[in-house]
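All remarks here apply to the structure that follows.
The values are calculated or read from the model by the stated rules, or taken from the named source; none is laboratory data. This is a predicted model, so every value here is computed, not measured. Cβ coordinates were reconstructed from backbone atoms using ideal geometry, including for glycine residues, and neighbour counts include every protein chain displayed. With ligands, DNA and RNA removed, areas are computed over all heavy atoms of the protein, side chains included. Shrake-Rupley method; radii C 1.70, N 1.55, O 1.52, S 1.80 Å.
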Amino acid sequence: MSAKKNHMSKKAYNPSEIEDKWYQYWMDNQIFKSVPDEREPYTIVIPPPNVTGILHMGHILNNTIQDILIRRARMLGKNACWVPGTDHAAIATESKVVNKLREEGLTKSEIGREEFLKHCFEWKDKYGGIIIDQLKKMGASCDWDRERFTMEPSLNDAVTEIFNIWYEKGYIFRDWKIVNWDPKAQTTLSNEEVIRKDVQSNLYYVKYPIVGSDEYVTIATTRPETIMGDTAICVHPDDERYKHLHGKKVIVPMVNREVPIICDDYIDMEFGTGMLKVTPAHDANDYEIGQRHQLETIDVFNSDGTISEAGQVFVGEDRFVVRKKVAQFLEEQGALLKTEQMTNNVGYSERNADTVVEPRLSLQWFVRMDEIVKPALAHVMADDIRILPPKFKNVYKHWLENIRDWPISRQLWWGHQIPVWYYGEEYVVAKNEEEALSKARQKFNKPDLRIDDLKQEEDVLDTWFSSMLWPISVFDGFGKDKTEFNYYYPTNVLVTGWDIIFFWVARMVFAGYEFTPAFNLADGSSRPLEKQKPFEDVYFTGMVRDSQRRKMSKSLGNSPDPLQLIEDYGADGVRFGMMSVSAAGNDLLFDEKLCDQGKKFANKIWNAYSLVEIWASNAEEKANDNASTFAWFESKLAQTIVEVNASLDSYRISEALLSIYTFIWQDFFSTYLEYVKPNYGENQDLNTLNKTLEYFETVLQLLHPFMPFVTEEIWQGMEKRAVGASINLTSWPEAGSLDKSTLEKGEYSKEIISAIRDIRKSAQVKNSEQLKAYVLADNASIYKDFSSKIIKLGGLESLEEVNDKVNDAQSFIVKGQQFFIELNQAIDVEAKREELEEELKYTKGFLVSVQKKLSNERFVNNAPEKVVALEKQKQADAEAKIKLLEESLAKL
């Protein structure tokens with residue numbers, strides 16, 4: 001290997017000049033392409049971002065992790081396949097298109113479903129590629145030929161098929177239930193799409209007159225705007241306060257409706273007055289009470305959150321305006337006894353953050369969940385699928401053990417239209433119109449029925465209904481040809497945020513165990529359990545927060561534009577900044593300074609290679625004294641590769657980057673390159689140059705998954721490469737032999753040089769002035785292999801062995817070995833005494849802390865042997881240093 005001359009003519013690394021160039025090169029040469037072959041597959045499916053979304057910091061974190069894993073897998077010789085794609089995002093996309101039409105003076109009802117969907121697809125075509133281009137900008141090495149969209153025909157067919165399967169199995173049903181209603185989007189939400197918040201509310205104490213009496217009962221409610229829908233008052237059957245009221249009736253204020261006082265165990269006798277107004281249409285628990293007691297259900301709200309005709313008063317006005325008006329009216333009528341402040345847990349729409357979700361009785365489609373989730377729970381708890389960090393297993397378990405029926409219908413047009421066709425009030429479930437017509441003719445015994453006689457369900461399915469099939473459908477698992485599915489499935493790892501553990505992760509798990517057992521393997525045999533799960537591992541990232549631990553948001557002005565960060569610091573710099581503080585599952589405290597650190601690191605690598613290029617320009621055949629340095633560095637490299645592999649295999653990705661960064665900066669740049677640098681005015685020898693280039697290439701390979709652009713640029717410049725060659729297609733470095741003795745001696749040499757430099761700095765010795773150094777002859781072997789490097793980098797005239805301590809010299813200890821430095825200058829005794837006393841005080845304190853740790857039996861018995869040995873070595877070194885400092889003070 002030989003470095004190209006003058007490859008890097010510019011002094012500073014400029015990422016903007018090379019990143020687009022290399023990404024286009026990777027695309028042109030299909031570096032990321034994957035097709036089934038004899039290699040072991042390594043598969044990741046991207047969590048599909050919203051088709052009309054734009055890149056945010058969470059995307060940067062999530063996709064950088066995926067890219068690191070997939071690039072390393074490629075270098076490990078695996079058939080790495082990272083499948084990209086986008087989600088149709090029903091509510092978000094429809095909202096954008098509705099707003100666009102409104103600006104044009106149109107509504108979706110005016111233009112009709114077919115025309116509205118054309119507008120949606122036009123919007124998707126116009127904006128859908130933005131986030132994909134942004135992912136490319138950050139270096140995502142997806143196989144872009146495999147890009148999928150959740151509403152493309154084959155994925156739509158898959159959704160239709162599993163709806164039919166679940167309906168036939170009795171899992172899908174239609175019923176009246178209280179659902180979470182978003183009055184702004186005017187659609188149902190699942191429980192997971194409701195964000196609970198504690199807010200300050202008023203608790204209103206309202207008088208309800210008892211029929212045939214001058215007395216009244218007092219009801220406490222936070223929702224006086226629903227009083228018009230009350231159809232009973234409920235008390236606990238054992239509440240002694242109200243037993244005399246059993247069987248009586250009260251009059252509902254404002255609407256003067258007589259309703260019964262009923263008894264039910266549901267009532268909390270301690271809350272409010274111990275009485276509950278029952279409003280079956282607007283509370284899930286009230287609805288259940290109403291069903292048990294056969295109460296009338298009165299819906300007082302329209303779909304947009306205004307008061308309906310059934311409410312009788314304040315018709316057409318907004319629910320929150322009416323809340324105030326009702327309170328005022330009751331007060332004027334003498335029916336409001338008092339008002340108290342309380343903290344109330346209120347549900348908000350996940351899609352429309354400022355919209356309070358309304359419990360609403362609605363006829364919807366549901367999935368019965370109790371049987372479906374059992375395998376998904378059992379296999380995760382048995383670690384057939386690993387959850388990382390493991391703390392999220394309990395979160396997953398709690399949700400699946402308390403799961404409710406899943407409302408899957410959404411009152412939207414953009415999405416997967418529910419495959420149900422109505423004939424009057426009756427219906428059939430089918431895969432297409434032709435099948436629907438055939439089934440309807442047979443079911444209704446009407447052979448002359450035409451398709452125009454049937455009407456398809458207008459609602460669409462919950463977006464997560466299609467997303468749960470993602471690991472199966474992107475490989476056409478529901479299609480006839482299952483070649484790709486059998487090769488790539490199950491995927492290796494899912495990387496996603498913990499906040500969608502319920503929305504998406506759990507649903508993909510139960511979908512895998514529910515549907516894939518029917519898909520035989522390539523040889524026709526049944527699919528075993530281990531090939532039914534959608535992924536081997538789930539890696540949960542944390543939430544990106546600012547340095548003050550605040551959630552990033554536009555309103556706070558603390559959410560940077562990722563593309564601007566890339567422009568300012570380069571994609572490598574941004575990737576480095578994100579990954580340097582991204583422990584699995586923990587929130588990431590982002591600071592732009594981290595990106596700047598990444599940019600400077602890339603520039604440091606660039607400059608280091610520029611130095612090697614200078615060596616290459618005039619290297620000559622001659623001897624060197626670098627054998628010990630080579631041996632030390634190769635052991636250090638082996639040690640680092642082992643550490644990095646262990647970290648990456650256990651998804652400790654931030655730790656892996658830190659190991660690489662520390663190794664490159666401290667061991668390669670600050671130590672190795674300094675040790676082998678030729679003396680001023682001399683040329684480098686060819687052997688050292690070739691060794692250095694070999695090491696440099698390995699260093700670049702280790703760093704490549706984290707910082708792909710700068711590593712590709714330098715690697716391509718190291719020698720003439722074949723067309724289509726890429727550092728990402730080279731082999732991942734293997735750890736060579738590790739000689740602990742050589743490694744230790746090299747580390748000691750660094751400590752010795754550092755100690756000499758500290759003495760020089762403290763004594764303000766000029767760099768040009770060479771000093772004499774001495775070492776006590778006993779056990780002097782720790783420094784010998786590196787004596788020439790110690791002399792060169794310590795600025796020494798000589799380093800000699802002596803049998804006795806050297807008087808009038810500065811001294812220090814490394815590994816129990818005492819060194820002396822002659823300064824050849826007068827010493828300020830008082831200043832030196834003060835310095836030594838301060839150092840002695842610190843060292844004694846340090847020794848106490850070590851001894852305290854070693855006196856802890858739990859630590860000594862449970863810590864790894866290597867860790868305990870290290871603490872004992874610290875104790876010995878501290879004791880020796882204290883002795884030396886005390887002797888030095890005595891001499892003064």
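Which of the helices (runs of 4 or more DSSP H) contained wholly in segment 302-404 include at least 3 residues that are surrounded by 19 or more Cβ atoms within 10 Å (Cβ to Cβ) and of a type outside the set (Asp, Glu)?
Ranges flagged: 319-332, 373-381.
I'd like the full set of residues that are touching a helix residue (DSSP H, G or I) at 6+ places or on another chain (Cβ under 7 Å), under 24 Å from residue 150 (Cα atoms) and not aromatic (Phe, Trp, Tyr), limited to segment 60-85.
Across segment 60-85, the qualifying residues are 60, 61, 63, 64, 65, 80, 81, 83, 84.
Give the residues of segment 122-141 that are in a loop (DSSP other than H, G, I, E, B) and under 13 Å from residue 86 (Cα atoms), sorted by residue number.
Correct list: 128, 129.
Could you tell me whether residue 199 is within 22 Å of residue 278 (Cα to Cα), touching a residue at least 40 places away in the same chain (Cβ under 8 Å) and not in a helix (DSSP H, G or I)?
Judged against the criteria, residue 199 is not a match.
Scanning for something part of a helix (DSSP H, G or I), in contact with a strand residue (DSSP E or B) (Cβ under 8 Å, 6 or more places away or on another chain), open to solvent by 10 Å² or more (accessible area, probe 1.4 Å) and farther than 28 Å from residue 349 by Cα, does segment 280-294 turn up at least one residue?
yes
I'm trying to understand the selection: among the residues of segment 740-751, which are open to solvent by 20 Å² or more (accessible area, probe 1.4 Å) and either part of a loop (DSSP other than H, G, I, E, B) or not small (Gly, Ala, Ser) (or both)?
740, 742, 744, 745, 747, 748, 750, 751
From the list 14, 6, which residue is modelled with pLDDT under 95, within 30 Å of residue 559 (Cα to Cα) and open to solvent by 50 Å² or more (accessible area, probe 1.4 Å)?
Just one listed residue meets the conditions, 14.
Scanning segment 435-479 for residues that are open to solvent by 10 Å² or more (accessible area, probe 1.4 Å), aromatic (Phe, Trp, Tyr) and more than 15 Å from residue 156 (Cβ to Cβ), which turns out nearest to the chain's Cα centre (by Cα)?
For segment 435-479, the residue satisfying everything is 464.
Please find, among 775, 765, the residue that is part of a loop (DSSP other than H, G, I, E, B), of a type in the set (A, V, I, L, M), more than 30 Å from residue 30 (Cα to Cα) and touching a residue at least 40 places away in the same chain (Cβ under 8 Å).
765
Restrict the check to segment 255-268 and report whether at least one residue is surrounded by fewer than 16 Cβ atoms within 10 Å (Cβ to Cβ) and among the aliphatic types (A, V, I, L, M).
No: zero hits.
Suppose we filter segment 192-229 for residues that are among the acidic types (Asp, Glu) and open to solvent by 10 Å² or more (accessible area, probe 1.4 Å); how many remain?
4
Which members of segment 498-546 meet the condition of being open to solvent by less than 10 Å² (accessible area, probe 1.4 Å), among the aliphatic types (A, V, I, L, M) and either part of a loop (DSSP other than H, G, I, E, B) or closer than 22 Å to residue 484 by Cβ (or both)?
Result: 508, 509, 511.
Which residue pairs have Cβ atoms under 6 Å apart, sit 6 or more places apart or on different chains, and have a first residue in segment 144-171 that is under 13 Å from residue 420 (Cα atoms) and a second that is surrounded by fewer than 16 Cβ atoms within 10 Å (Cβ to Cβ)?
Listed by first residue and then by second, the contacts come to 160/431; 164/431.
I'd like the full set of residues that are charged (D, E, K, R) and either open to solvent by less than 40 Å² (accessible area, probe 1.4 Å) or touching an Asp or Glu at 6+ places or on another chain (Cβ under 7 Å) (or both), limited to segment 568-608.
Once the filter is applied, which keeps residues that are charged (D, E, K, R) and either open to solvent by less than 40 Å² (accessible area, probe 1.4 Å) or touching an Asp or Glu at 6+ places or on another chain (Cβ under 7 Å) (or both), segment 568-608 yields 572, 575.
For residue 853, state whether it is under 25 Å from residue 786 (Cα atoms), open to solvent by 50 Å² or more (accessible area, probe 1.4 Å) and within 54 Å of the chain's Cα centre (by Cα).
Judged against the criteria, residue 853 is not a match.
Kindly check whether there is at least one residue in segment 824-844 that is in contact (Cβ under 8 Å) with a residue 12 or more places away in the chain and within 41 Å of the chain's Cα centre (by Cα).
Within segment 824-844, not a single residue is in contact (Cβ under 8 Å) with a residue 12 or more places away in the chain and within 41 Å of the chain's Cα centre (by Cα).
Being aliphatic (A, V, I, L, M) and open to solvent by 30 Å² or more (accessible area, probe 1.4 Å): is that true of residue 646 here?
So residue 646 passes the test.
Which residues, counting only those in segment 154-196, are in a loop (DSSP other than H, G, I, E, B) and touching a Pro at 6+ places or on another chain (Cβ under 9 Å)?
Within segment 154-196, 190 is the sole residue that qualifies.
Please list, ordered by first then second residue, the pairs with beta carbon atoms under 6 Å, 6 or more apart or interchain, first in segment 43-62 and closer than 20 Å to residue 490 by Cβ, second open to solvent by less than 10 Å² (accessible area, probe 1.4 Å) and part of a helix (DSSP H, G or I).
43/488; 44/66; 44/70; 45/470; 45/471
Given 737, 754, which one is within 37 Å of the chain's Cα centre (by Cα), under 22 Å from residue 671 (Cβ atoms) and surrounded by fewer than 19 Cβ atoms within 10 Å (Cβ to Cβ)?
737
If a residue has to be in contact with a strand residue (DSSP E or B) (Cβ under 8 Å, 6 or more places away or on another chain), aromatic (Phe, Trp, Tyr) and in contact (Cβ under 8 Å) with a residue 40 or more places away in the chain to count, how many in segment 393-426 make the cut?
Qualifying residue count, segment 393-426: 4.
Scan segment 462-475 for residues that are out of contact with any helix residue (DSSP H, G or I) (no Cβ under 6 Å at 6 or more places or on another chain), more than 20 Å from residue 167 (Cβ to Cβ) and part of a loop (DSSP other than H, G, I, E, B) and jot them down.
Scanning segment 462-475 gives a single hit, 474.
What is the residue count in segment 416-434 for residues that are part of a loop (DSSP other than H, G, I, E, B) and open to solvent by 10 Å² or more (accessible area, probe 1.4 Å)?
4
Scan (1) in a helix (DSSP H, G or I); (2) within 26 Å of the chain's Cα centre (by Cα); (3) not polar (S, T, N, Q) for the single condition residue 21 breaks and write down its number.
Exception for residue 21: condition (2).
Taking residue 731 as meeting all but one of (1) of a type in the set (S, T, N, Q); (2) under 28 Å from residue 20 (Cα atoms); (3) surrounded by 15 or more Cβ atoms within 10 Å (Cβ to Cβ), write down the number of the exception.
(3)
So, in segment 814-830, of the ones that are touching a Lys or Arg at 6+ places or on another chain (Cβ under 8 Å) and buried (at least 19 other Cβ atoms within 10 Å of the Cβ), which residue ends up modelled with the lowest pLDDT?
Here the residue is 818.
Residues in segment 372-423 that are under 22 Å from the mean Cα position of the chain (by Cα) and charged (D, E, K, R): how many?
So the answer is 6.
Which one is nearest to residue 540 (Cα to Cα), of the residues in segment 488-497 that are open to solvent by 10 Å² or more (accessible area, probe 1.4 Å) and not in a loop (DSSP other than H, G, I, E, B)?
Only one residue tops the list, namely 497.
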